Structures are given as structure tokens and as C-alpha cells.
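Trainee: Sharing a structure here in C-alpha cells format.
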Amino acid sequence: MTFTLGTGEDRALVIRMRGDEPVVPSANSLPGWVPGSRIATGTIAVVRALHQARQGVGGSGAQLADVDGGWDVSIGNVVLSSEGVPTCVGHGELAPAGDGVYRCETCGAAARYDRQP
Ligand SMILES: [Zn+2]
């Protein structure tokens, strides 16, 4: 993954999967990167989601998609947790808002989540 720091400097971070668990080498981490921080939690969730997508799992055939006019999924604000729950990277699990839409009660990030059996 590549990050642009506040200084404008680009920094690459190599994250490897060990089983289903993303592993971030500590020698390679970014300023402010501590376990449980927003950037660490969000990045690890994205890496896990990409890994699951490449393996064709993503939960149990579930699809996370942007709501009409939204882009929270496309830009990574909303991801599927390792338990397959739509999750805001800043605030945690989304609440069901009806009709297959889930919404963050804190920031309003939203996603459509359709489970396909
Ligand atoms: Zn949120």
C-alpha cells in the first residue's frame, strides 16, 4: 500500500497476510501508526477485504456496494469486518437503515450490503 504523508512524501508499506491476519512489519510503519489507531484499523480492514476478495470469499458471497450517489465503499470509508459486518473505518459497525442499506450513526457513511446465499 502507498500513503501520502502530510508532508507530501509518499511512503510504501508492505503488508503480508499470515493466514487471514494482515501482518505489518513494525520497522516499516508510518508516523502515528499504533495498533488500534484509525489508520492502522482502516488499513488492516482494507487489506483483509482485498485478500478476501481475491480469494473469492468476502463473507459468504456477500457484496458491499456504494449507495446511490455515495462513494463510501469506493474510497474505503466502509469495509466489511472480518466477521462480514459493514463497518465504518472511523466509528465501527454500521446500523441497518432498511432496504439493504447500512449507515454509520456518527458520520453518516453508508453502504448497500446484499447477502447472496
Ligand atoms: Zn462513521
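The values are calculated or read from the model by the stated rules, or taken from the named source; none is laboratory data. Computed from a predicted model, the values in this text were never measured in an experiment. Quick reminder, even Gly has a Cβ in these numbers, built from the backbone with ideal geometry, and neighbours come from all protein chains shown.
Trainee: With the requirement that a residue be surrounded by 14 or more Cβ atoms within 10 Å (Cβ to Cβ) and of a type in the set (Ser, Thr, Tyr), what does the range 61-90 give you?
Mentor: SER81, SER82, THR87, listed by residue number.
Trainee: Under 7 Å between Cβ atoms, at least 6 apart or on separate chains: pull out the pairs that start in the range 15-33 with a residue that is within 13 Å of SER82 (Cα to Cα) and end on any residue that is of a type outside the set (Ser, Thr, Tyr) and assigned to a loop (DSSP other than H, G, I, E, B).
Mentor: PRO22/ILE15
Trainee: Counting only residues that are touching a helix residue (DSSP H, G or I) at 6+ places or on another chain (Cβ under 8 Å) and under 16 Å from ALA49 (Cα atoms), how many does the range 22-32 have?
Mentor: 2
Trainee: Restricting the search to the range 17-51, which residues are surrounded by fewer than 11 Cβ atoms within 10 Å (Cβ to Cβ) and in a strand (DSSP E or B)?
Mentor: Within the range 17-51, just ARG18 meets the criteria.
Trainee: A follow-up question, please. Would you tally the residues in the range 72-94 being assigned to a loop (DSSP other than H, G, I, E, B) and away from the ligand (no atom under 14 Å from the Cβ)?
Mentor: Selection size over the range 72-94: 4.
Trainee: Can you name the residue in the range 52-71 that is among the small types (Gly, Ala, Ser) and either at pLDDT 90 or above or assigned to a loop (DSSP other than H, G, I, E, B) (or both) and, of all such residues, is farthest from the chain's Cα centre (by Cα)?
Mentor: Residue satisfying both the conditions and the ranking: GLY69.
Trainee: Of all residues in the range 95-117, how many are within 14 Å of the ligand (Cβ to nearest atom), surrounded by fewer than 22 Cβ atoms within 10 Å (Cβ to Cβ) and in contact (Cβ under 8 Å) with a residue 12 or more places away in the chain?
Mentor: Residues in the range 95-117 being within 14 Å of the ligand (Cβ to nearest atom), surrounded by fewer than 22 Cβ atoms within 10 Å (Cβ to Cβ) and in contact (Cβ under 8 Å) with a residue 12 or more places away in the chain: 4 in total.
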